[in-house]
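Asks: Take this structure, written in C-alpha cells, and hold onto it; I'll ask about it next.
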Amino acid sequence: MSTQIKKLLVANRGEIACRIIHACRELDISPIAIFSEPDHKSRHVELADEKWKLDGQPGQAGKTYLDIAQIVEIAKKAGADAIHPGYGFLSENPGFAKACTDAGLIFVGPSPEIINLMGSKVESRRAMEKAKVPVVPGTTDPVSDPELVKELGIKYGYPLAIKASAGGGGRGLRVVKNAEEVEAALAGAKREGESYFGSGEVYVEKYLDKPRHIEVQILGDKFGNLIHLYERDCSSQRRHQKLLEECPAFKLDKKVKEKLLEAAVRGAKSIGYFSAGTMEFLAWKDQFYFLEMNTRVQVEHPITELTTGVDIVKEQILIACGERLQLKQEDIKQNGHSIECRINAEDPSRNFMPSPGTISEYVVPQRPWTRLDSGSYQGYQVLPFYDSLLAKLVVWGSNRNEAIKRMKLALGEYTIKGLSTTIPFHQALLDNEAFLAGEVHTGFIEQEFMKEYKAMAKPQPAQAPAVAAADSDKTLKPARSFNVEVDRRIFTVNVAEYGAISETKESQSKTVTMLKAAEGPKAAQQEAPRSQSAQTGEVRSTMNGLVKQILVKEKEQVKAGQKLVVFEAMKMETDVTADLDGTVSSIKVKTGETVNANHLLMVIE
C-alpha cells in the first residue's frame, strides 16, 4: 500500500517499537530506529532499515528517548517523513507533537492541543462533564491545601484518591483512608507529578470501592468519522499497573456496556479527536465514570485486534497520513475472547521486585491462536533503566473458557531463564476461583489474590546464564559483525575471516570456567539482595536503578524502619529503610544519580 509516508522514525524501544516496524513493513514504509547506547543490541534496532544512536545516558533527565530536540534532529537528518511515538516516553507530550509538526514531520497521533487537553486530569474532566459523560465525584479545580482535602473527605467519605493532573499509569496517585494520611499523600502525589510529568498540579476524587477498570478503544479520522472497537477489561492490576487484560469484559451488564460505548464515542467526538485512542472508565455497580483518556496506542491493543480483526497501528498510521477511516461502526463485531498476560521481569513472590539481568534461555510457545509481542531473545540484557515489560503473551479463544485454557498451555511452554518473571503469577491467577468466576476488581490482586499467592509461591532463583563448552574436535570458523558509527547513524558490517581458528580443549575449559565464575556473584546477588547490613550500618541498593529522593540528612537521628531513600528501578518506586536505630554519618549518593546493585548509599552509626 502506498502512503505519503515513505520513511518513519520510531521514537521508542522494546516490543512496541518492533510492533510499529512490522506495521511499517505492511505499508511499504521504511522504518528508522533510535537507541540509547545500552540498547544497541535490542531487537527493534535489528529490525529497522536504519539505526541511529542517541547521545546521553539513561537516567539523565531529558536525555535519550526523552530528548525532543535530538530525536527531531535525527528524523530530519535521516530524511524521515513521520515520527511514531509508541506508548510511554514522549507519546503523550504535547511539546513533542508540536516540535514534530513545526519541523514539517507527520506526528502519528492527535494534535498537540488534544494531547494537552486530555493529558490534564482537570481539563479532561471539564471536557467530559460538558459532553455529558459521567465523571467520578470530586474536584474540577486543582487542590493544594490539605485542609480542603480533609473537607472533601467529610463530604464524600474516605477513601479519597489524590491524583496528579498530568499523571497516568498509576504515577502521581495516592489513596488516603483517613485525615491523618492526607498531608503525606498530597505531598507524594505532587512530587511524583513534578518528577514524572513536569507538573505538581493535583485534584481529588472519591475512591470507588471495588470498581472494574473498563476501557474503550476508539479510532477517528481528521474528517469527523469516529468509531469504537468495543471494550477491554483491565481490572487485574497492581499499584495501578495492569498485569492481565481481556476482551470482551466478562459479565458486564449489556445495558451498561451499550451506554458506556456510546459515552466513549460521544466524549471523543466532542473534542474533535482523531487517531487511535482509549477512553478509560471505572464501572461500579450499575454505573460507570470517566477516568482518563490515553491519546496513543495502548499496551493491550492486541486483544482488541484479535477480537475485531482491525490492525490498530496500521489504521493509526493511515489516519496520520490524512486517509479517511474506511471502517464503519456496523462493520465492527466482537468475535470470541482474547486474553493478554504482561510478562514482566519481576519476582511476584518478592513483592514484584524488579529483576534486571541477562536472559540465558528463551523458548517461546508455538501454538495456534497464540500471539507474542516481544523484543526479547536468548542473550538479551534486560536493563534497569526502563519498564520491566519483557513480552505480551496473547491468546484467542471462541469463548472465555477456551481462551483461559489456551493461555495456561502457552504459559507452560514459555521459558525464560536468567531472571525472575511474572509467568508463575499468571499461571496461579488463571487457576483462581474468583478470577474464573469473573469476580475481579481493581483491588482484587493486592487485597485478595496476593495473600493466596504468597502462601503458595516460592522465590524464583536467579539463574546464571549457561555457557556451552565448545566441541574441541571441531575447527572454529567464527563469523563476526560490527556496528560502525558514521555521524551517529549505525551501519552493520559483516566480516568473514579466512583461515581456520582452533582452540585446545584446555583453553576452552578455562574459558568456560572463567565465564561461569564471572556470572556467579551477579546471580547470587540477584537472588538475595540486601539493602543494609546490621553489622556495619551500610545502606546499599538492592538493584540497579535511580536515586529518586533522599529523605534524610547527615547527622540526622533515624529509627529502624524509617524511610531513608526513594529508589526507582524499571519505572517502579521502592523505599529503602533503616535496619537499625542510629545516626546518619555519611551519604554517598545524590538525588538523580544512577547506581548499580549493592552500591553504598549511606552509612548509619
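The values are calculated or read from the model by the stated rules, or taken from the named source; none is laboratory data. Quick caveat: nothing in here was measured; it's all calculated off a predicted structure. All Cβ positions, glycine included, derive from the backbone under ideal geometry; neighbour counts span all protein chains shown.
Asks: If you go through region 98-121 one residue at a time, how many are crowded, with 22+ Cβ neighbours inside 10 Å and more than 21 Å from residue 202 (Cα to Cα)?
Replies: 5
Asks: Go through the residues of region 253-261 one by one and say whether even a single one is surrounded by fewer than 24 Cβ atoms within 10 Å (Cβ to Cβ) and either assigned to a loop (DSSP other than H, G, I, E, B) or touching a Ser or Thr at 6+ places or on another chain (Cβ under 9 Å) (or both).
Replies: Yes - at least one qualifying residue is present in region 253-261.
Asks: Another question about this same structure. Would region 122-144 turn up any residue that is under 20 Å from the mean Cα position of the chain (by Cα), outside any loop (DSSP other than H, G, I, E, B) and buried (at least 16 other Cβ atoms within 10 Å of the Cβ)?
Replies: No, there is no match, as no residue in region 122-144 is under 20 Å from the mean Cα position of the chain (by Cα), outside any loop (DSSP other than H, G, I, E, B) and buried (at least 16 other Cβ atoms within 10 Å of the Cβ).
Asks: Suppose we filter region 587-602 for residues that are over 7 Å from residue 541 (Cβ atoms) and not basic (Lys, Arg); how many remain?
Replies: 9
Asks: Might you check whether a residue that is in contact with a strand residue (DSSP E or B) (Cβ under 9 Å, 6 or more places away or on another chain), surrounded by fewer than 24 Cβ atoms within 10 Å (Cβ to Cβ) and among the aliphatic types (A, V, I, L, M) occurs anywhere in region 272-280?
Replies: No.
Asks: Considering only region 273-317, state which residues are of a type in the set (S, T, N, Q) and over 30 Å from residue 206 (Cβ atoms).
Replies: Scanning region 273-317 gives 275, 307, 308, 316.
Asks: Go through region 155-202 residue by residue and tally those that are modelled with pLDDT of 85 or more, surrounded by 20 or more Cβ atoms within 10 Å (Cβ to Cβ) and in contact with a Pro (Cβ under 7 Å, 6 or more places away or on another chain).
Replies: Looking only at that region, the number is 5.
Asks: A further question follows. Sort out which residues of region 370-428 are of a type in the set (Val, Ile, Thr) and either closer than 13 Å to residue 342 by Cβ or modelled with pLDDT of 95 or more (or both), and write them in order of number.
Replies: Passing the criteria: 370, 394, 395, 404, 415, 416, 421, 422, 423.
Asks: Also, quick follow-up: Would you tally the residues in region 334-354 being touching a helix residue (DSSP H, G or I) at 6+ places or on another chain (Cβ under 7 Å) and not in a strand (DSSP E or B)?
Replies: So the answer is 5.
Asks: From 30, 42, which residue is touching a strand residue (DSSP E or B) at 6+ places or on another chain (Cβ under 7 Å), in contact (Cβ under 8 Å) with a residue 40 or more places away in the chain and hydroxyl-bearing (Ser, Thr, Tyr)? Working first, answer last.
Replies: Working: 30 fails: in contact (Cβ under 8 Å) with a residue 40 or more places away in the chain.
Sole residue among the options that is touching a strand residue (DSSP E or B) at 6+ places or on another chain (Cβ under 7 Å), in contact (Cβ under 8 Å) with a residue 40 or more places away in the chain and hydroxyl-bearing (Ser, Thr, Tyr): 42.
Asks: Those residues that are at pLDDT below 95 and more than 17 Å from the chain's Cα centre (by Cα), I need them from region 320-357; list them, please.
Replies: 349, 350, 351, 357
Asks: Identify all residues within region 365-377 that are under 21 Å from the mean Cα position of the chain (by Cα) and more than 28 Å from residue 217 (Cα to Cα); write none if there are none.
Replies: Across region 365-377, the qualifying residue is only 377.
One line per residue, one yes/no per condition, for (1) outside the structural domain of residue 327 (by TED's automatic domain parsing); (2) assigned to a loop (DSSP other than H, G, I, E, B):
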{"site": "200", "(1), (2)": "yes, yes"}
{"site": "216", "(1), (2)": "no, no"}
{"site": "219", "(1), (2)": "no, no"}
{"site": "223", "(1), (2)": "no, yes"}
{"site": "228", "(1), (2)": "no, no"}
{"site": "244", "(1), (2)": "no, no"}
{"site": "265", "(1), (2)": "no, no"}
{"site": "272", "(1), (2)": "no, yes"}
